[in-house]
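First up is the structure itself, then whatever we jot down about it.
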Amino acid sequence: MSLTYEQIAAEAMQLSPQERADLADRLWISIDTPEAVAAAWDAEVARRIAQIDSGEVETIPQEQVMAELRAKLR
């Protein structure tokens, strides 16, 4: 029988603060690899492209963004 995410999380919360910190470090290290980072970026890029294609978000021309930033910095 495999545990659910909720069961694992509840069990983890029973650990001491130091044990939870150590577990968090181990979990982070397990996903913070170049391949995992690249996969995460690929997924984020795909999500953003889908938002643009669907019309959910609208792009702003770079020239407009830069002009607005320059105006705010003055």
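The values are calculated or read from the model by the stated rules, or taken from the named source; none is laboratory data. None of the values given here were measured: they were computed from a predicted structure. Counting neighbours? That spans all protein chains shown, and the Cβs are built from the backbone with ideal geometry, glycine included.
Observations, loosely collected:
- For the condition without any contact (Cβ under 8 Å) to a residue 12 or more places away in the chain, loosely packed, with under 10 Cβ neighbours inside 10 Å and assigned to a helix (DSSP H, G or I), residue 18 qualifies.
- Single unsatisfied condition, residue 58 versus (1) in a helix (DSSP H, G or I); (2) at pLDDT below 95: (1)
- Qualifying residue in region 34-50 (condition: exposed (fewer than 10 other Cβ atoms within 10 Å of the Cβ) and either assigned to a loop (DSSP other than H, G, I, E, B) or touching a helix residue (DSSP H, G or I) at 6+ places or on another chain (Cβ under 9 Å) (or both)): no
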